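Student: Quick one: this structure, given as structure tokens, is what I'll be asking you about.
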């Protein structure tokens, strides 16, 4: 029996490795990036560059403002085929004081057969999300590497269904951003796409999607690399350069929680959440089921300049209750991070 157990474990590892190799060959990365992607998924997540970016405390005030709007964020809404998505009371309570909630809708609502890398949702995911937050105040960002996994008619249908259910989808070239309360612009762009796609708002469009007449510009980029806990020096430099114009950055793509920090720009402390990890996923392995939820108060300072004030963040965990149900809940930690006791 021991030999059989070892044999089945070996076969499982080989099959998983072959799947990951096939997926790596289909990613939008170059050879070195694909190699890192494969290594990080098999052995990671990577803690490289840990020393460059510290976490800010779970509750902190970045600037002194008069709060006007509270915006909350969650991570990647990944496919959960055949399962229902539910939420803990504590998680719902965390979001209850928010005026808006923003999440990355990673995939396409379609009945087309799923390919190797295809991220496929059913319409049920929209029904389930309504139990978490009112859809008319929930923004779903669609600029990500999985949006064009299927034919364009499926993308259009999926995007239209999000609107039909009352959500606010953004991230396509014709609709890259939304203006909230006539003050806050939320824009979604992607650096990555698994397939060539002319329909997505891309990083090259950043200047075009910035709204200079808005009081506050929030960027939601799909960027960085998967299974990396900390941004590399190039991404850090990119974030600092973007913050000379953008007031706040909350990104996604890593599938693990990444560090949340802030940088001083002129007289403002500007927030960067590099990536919020996975909010939900069909994968059960511990390194894939954690995310971060964030809540930020936004409003004018004494000079009338809109900034981020009080900020709260917590780790989230997608618990697979049984073969039919996933419950997303708050959790106190993520084993790959060591946070200061003051947090």
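The values are calculated or read from the model by the stated rules, or taken from the named source; none is laboratory data. Note that the structure is predicted; figures quoted are calculated from it, not measured. Here the Cβ positions follow ideal geometry from the backbone for every residue, glycine too, while neighbour counts run over all protein chains shown.
Student: Could you run through the stretch 230-286 and say how many residues are surrounded by fewer than 18 Cβ atoms within 10 Å (Cβ to Cβ) and in a loop (DSSP other than H, G, I, E, B)?
Tutor: Number of matching residues: 9.
Student: Quick one: residue 200 ticks every box in (1) out of contact with any helix residue (DSSP H, G or I) (no Cβ under 6 Å at 6 or more places or on another chain); (2) modelled with pLDDT of 95 or more; (3) farther than 21 Å from residue 254 by Cβ bar one, so which box is it?
Tutor: (3)
Student: Could you check the stretch 213-229 and list, in sequence order, the residues that are part of a loop (DSSP other than H, G, I, E, B) and either at pLDDT below 95 or under 21 Å from residue 50 (Cα atoms) (or both)?
Tutor: 223, 224, 225, 226, 227, 229
Student: Run down 222, 253 and say which single residue is on the phi > 0 side of the Ramachandran plot, touching a strand residue (DSSP E or B) at 6+ places or on another chain (Cβ under 6 Å) and either free of Cβ contacts under 8 Å to residues at least 40 places away in the same chain or not assigned by TED's automatic domain parsing to the domain that holds residue 30 (or both). Step through it out loud before you land on a result.
Tutor: On the way: 222 fails: on the phi > 0 side of the Ramachandran plot.
Answer to the check: 253.
Student: For the stretch 137-193, give me the residue count where each residue is more than 25 Å from residue 281 (Cβ to Cβ), in contact with a strand residue (DSSP E or B) (Cβ under 9 Å, 6 or more places away or on another chain) and assigned to a loop (DSSP other than H, G, I, E, B).
Tutor: Selection size over the stretch 137-193: 4.
Student: Across the stretch 54-97, what is the total count of residues that are over 27 Å from residue 133 (Cα atoms) and modelled with pLDDT of 95 or more?
Tutor: So in the stretch 54-97, the residues over 27 Å from residue 133 (Cα atoms) come out as 54-55, 63-64.
Checking the rest, the ones that are also modelled with pLDDT of 95 or more come to 63-64.
Selection size over the stretch 54-97: 2.
Student: Does at least one position in the stretch 78-89 carry a residue that is within 21 Å of residue 333 (Cα to Cα), in a strand (DSSP E or B) and in the same structural domain as residue 111 (by TED's automatic domain parsing)?
Tutor: Taking every residue of the stretch 78-89 in turn, at least one turns out to be within 21 Å of residue 333 (Cα to Cα), in a strand (DSSP E or B) and in the same structural domain as residue 111 (by TED's automatic domain parsing).
Student: Also, quick follow-up: Report, by residue number, each residue of the stretch 32-51 that is surrounded by 14 or more Cβ atoms within 10 Å (Cβ to Cβ) and either at pLDDT 90 or above or more than 21 Å from residue 252 (Cα to Cα) (or both).
Tutor: Matches in the stretch 32-51: 45, 46, 48, 49, 50.
Student: While we're on this one: Write out, first by first residue and then by second, each pair whose Cβ atoms fall under 7 Å of each other, whose residues are 6+ apart or on separate chains, and whose first residue, in the stretch 157-186, is in contact (Cβ under 8 Å) with a residue 40 or more places away in the chain and on the phi > 0 side of the Ramachandran plot while the second is assigned to a strand (DSSP E or B) and surrounded by fewer than 19 Cβ atoms within 10 Å (Cβ to Cβ).
Tutor: 181/69
Student: Assuming residue 98 fulfils every condition listed in (1) outside any helix (DSSP H, G or I); (2) more than 20 Å from residue 188 (Cβ to Cβ) apart from one, which condition is it?
Tutor: Every listed condition holds for residue 98 apart from (2).
Student: List the number of the failed condition for residue 128; all other conditions in (1) under 25 Å from residue 87 (Cβ atoms); (2) part of a strand (DSSP E or B) hold.
Tutor: (2)
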